[in-house]
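The structure appears below as structure tokens.
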Amino acid sequence: MPFIPRAEILRRLRSQTTAGRPIIGAGAGTGISAKFAERGGVDLIVIYNSGRYRMAGRGSAAGMMPYGDANAIVVDMAREVLPVVRDTPVLAGVCGTDPFRMMRVFLPELRAMGFDGVQNFPTVGLIDGQFRRILEETGMSIQLEVDMIRAARHLDQLTCPYVFDPETAAAFAGAGADVVVAHVNTTVAGSIGVKTAAMSLDEAVQRVQAMRDAATAVNPDVIVLCHGGPIARPEDAQYVLARTRGVVGFFGASSIERLATETAIEEQARAFKSLRITEAT
């Protein structure tokens, strides 16, 4: 349902921070996730292919693997999610390195479907080492994601890219990103989360701050959120927000829909299983 102008979305987001309230974004892999995240008051909803895998019981990293056409999956998910969202901006996770999509065609198509903006996912920003060098050298570089964000900004779509280090934070801010999400790796916790944290919360604080500082050095008005790694629960996000400067919210995907679902379903099933059969007297 949403067709919310970019200027109105930014007005809403900035009104939250002015009032001292954090901006919260939520990933939605199903219509029910989007519906109840909106009821919970989130400010942004993002749908991308990892949400489908995550809510099918697979790890979110499946979205980085060749298990399906990421952009086609988002288009398919839109039919489930967009009709149940009433008044919250919905962003599409776009695979900007997709060699079979012309972004100048695809981005307007997403807008016409009801998406209010975009995020870069799947992203080569989560890939390192030799494979990353191969991608960069063979025309599938993160620069294509930067270009996608720039193109979306020119179309007046809200742009909310993931960034991974000070360099990518500066690059996406320079491309016109409205919001940058400082990504500190795959979420730890839950049945299909990463089991071993690659960093502590204090290390996450340092990395998020460095990305925020790099982004705002390019664009002082850019909004900065944190995401991922050890920032898995509300108390983790509060820890980071209390120890950083200029970071005004949190984006949760697994943290909001998967972890909550795992716990709720298991506890409800256990509650029913604890019933006893008794004879009426």
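The values are calculated or read from the model by the stated rules, or taken from the named source; none is laboratory data. All of these numbers come straight from a predicted model, not from anything done at the bench. All Cβ positions, glycine included, derive from the backbone under ideal geometry; neighbour counts span all protein chains shown. Quick note on the areas: whole protein, heavy atoms, side chains included, nothing else; ligands and nucleic acids left out. Shrake-Rupley method; radii C 1.70, N 1.55, O 1.52, S 1.80 Å.
Worth pointing out:
- Tally of residues being more than 24 Å from ARG79 (Cα to Cα), open to solvent by 20 Å² or more (accessible area, probe 1.4 Å), outside any loop (DSSP other than H, G, I, E, B) and in contact (Cβ under 8 Å) with a residue 60 or more places away in the chain across segment 17-31: 1
- Condition check for ALA34: among the small types (Gly, Ala, Ser), in a helix (DSSP H, G or I), more than 27 Å from ALA182 (Cβ to Cβ) and open to solvent by less than 60 Å² (accessible area, probe 1.4 Å): no
- Residue check: GLY114 meets all listed conditions (1) in contact (Cβ under 8 Å) with a residue 40 or more places away in the chain; (2) within 15 Å of the chain's Cα centre (by Cα); (3) open to solvent by less than 30 Å² (accessible area, probe 1.4 Å) but one, namely (2).
To keep it simple, each residue is scored yes or no on (1) open to solvent by less than 70 Å² (accessible area, probe 1.4 Å); (2) free of Cβ contacts under 8 Å to residues at least 24 places away in the same chain.
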position	(1), (2)
GLY93	yes, no
MET102	no, yes
ILE127	yes, no
ARG132	yes, yes
THR138	no, yes
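- Positions within segment 59-87 being of a type outside the set (A, V, I, L, M) and open to solvent by less than 10 Å² (accessible area, probe 1.4 Å), in sequence order: GLY63, ASN71
- Within the option set GLY63, GLY68, being of a type in the set (Gly, Ala, Ser) and under 18 Å from the mean Cα position of the chain (by Cα) holds for one residue only, GLY63.
- Evaluation of GLU8 against the conditions (1) assigned to a helix (DSSP H, G or I); (2) under 19 Å from PHE251 (Cα atoms); (3) among the charged types (D, E, K, R) shows that the sole unmet condition is (2).
- Number of positions in segment 235-273 that are β-branched (Val, Ile, Thr), farther than 30 Å from THR18 by Cβ and surrounded by 15 or more Cβ atoms within 10 Å (Cβ to Cβ): 1
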